Every structure is written in structure tokens, then in C-alpha cells.
Amino acid sequence: MELKLKLEQLHQRVNGLKDQINTEEATKNAFVMPFIQILGYDIFNPTEVIPEHICDIGTKKGEKIDYVIKKNGEPILIFECKHWKEKADAHNSQLHRYYHVSKARFGVLTNGTIYNFYMDLEKPNIMDEKPFFTIDIEDLKDSSIKILEGFTKTEYSLESILDSAESLKYIKSIRKEFENEIEHPSDE
């Protein structure tokens, strides 16, 4: 319940500040860092939340992941952030590159209001094209908050998230197919 209250407060903050946020960096500071803090991670501890983590990829040197979240010294989440006006899924190729080099099992692509969670359900060590879970700060649902609880510092369990991620992926796919069938019924 506490997580829901904190997310609702973040939603109010986002709505109140959006029009004054003109850069990606401001989006990270005003929206994303508070989100990470709500999950229970210490944004001021550079051994737990690493900003601008160097992620050299092949010949590309100086590539940086916006945030790497570590637990027990191991990377568990990477965050790639965009300006709040950009689509949250418009830059998944960038996150895809970072995911491949990092040892984290989960990647988050966000614009500070929508958080898309990715992993490698389809092929090991290769981030899936579509997120298995999305939470929208401006449209909070109890079911989404329940899933997000699994990513909090106190509740994080890789095995538990992996179990629910696979189910979520298939449920999402079935739901999308069902909605498509209702909107555009097939002959069958």
C-alpha cells in the first residue's frame, strides 16, 4: 500500500512539473530518480545506483547507460531514460545494445511517465523486442503496482520475477490478439 501511495505522489509531481521539464537530464532528475528511490534504492549511493555507467560496445567507446542498479554488488536493472515528451519505446535499440553488454537481467526504457521493462525471455542474453511489463505513472493500476513490488529492493527476487514475466508476456499477447479480434473480427 505504501508503494501505491508513493507512486500516486510521483504522479502528482509529474503532472505539476511536466511543463517546466525541457531536457532529458531534467526528466531524469525530476521523475526517474524519484521512481528509483521509491523502489527503495539509494540514489545517492554510487555502489547501488550508478549514473552514467560506461558501457563500451565493440568499437563504440564512451557509451553510457543512464543508471545501473546493483544489489549485492551485481547489476540487476539498467535504465535508459528519454525526455518525457518522447515515446517510451522509441529508443529500445539503444537499450538493446546496452542490455547485451551488461549482466543485468532487466532493462527499463522510460520517459519518466511510462516505464517499459524488458528481459531476455525469447533468446538468452538478447533483450526481447517488446517489454514484458509496462507501468504508466499517469494510469496506475493495482495489478501493475503488485508486479512492480517485485522490483523493489526489499522484495527483489530474480526467480519470482522470471516466473511472472513469462506469464505476463503470454497474457499480454493473448489479450492483444483478443482485442484485435473484437475490433476487426476474422471470418472464423
Output wanted: per-residue J couplings in Hz (rounded whole) for segment 34-42, from phi through Karplus 6.51 cos²θ - 1.76 cosθ + 1.60, θ = phi - 60°, x for Gly and Pro.
x, 4, 4, 5, 4, 6, x, 8, 7
I need the peptides 103-112, 6-15 ranked by packing, meaning the mean over residues of other C-beta atoms within 10 angstrom, with the highest value on top.
103-112, 6-15
3J(HN,Hα) from dihedral phi, segment 77-85, Karplus parametrisation 6.51/-1.76/1.60, rounded to Hz, x for glycine, proline:
9, 10, 10, 10, 10, 10, 4, 4, 7
Hey, what do the phi angles of segment 16-27 turn into as Karplus ³J(HN,Hα) couplings, whole Hz, using 6.51/-1.76/1.60 and θ = phi - 60°, x for Gly and Pro?
x, 9, 2, 5, 9, 8, 10, 9, 5, 4, 5, 4
Checking the cross-link filter: which aspartates and glutamates have an alpha carbon closer than 17 Å to that of Lys146, excluding same-chain neighbours under 8 positions apart?
Glu2, Glu8, Asp136, Glu138, Glu155, Glu159, Asp163, Glu166
Entries in Lys82/Lys153; Lys4/Lys64; Lys103/Lys141; Lys18/Lys70; Lys6/Lys64 that, when Cα-Cα distance is taken, lie over 26 Å:
Lys4/Lys64; Lys103/Lys141; Lys18/Lys70; Lys6/Lys64
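Readers should treat all values here as calculations from the given coordinates under stated rules, not as data from a laboratory. The shown structure was predicted, so the numbers you read here are calculated from the model rather than taken from an experiment. With ideal geometry, Cβ positions are generated from the backbone for all residues, glycine too; neighbour counts draw on all protein chains shown.
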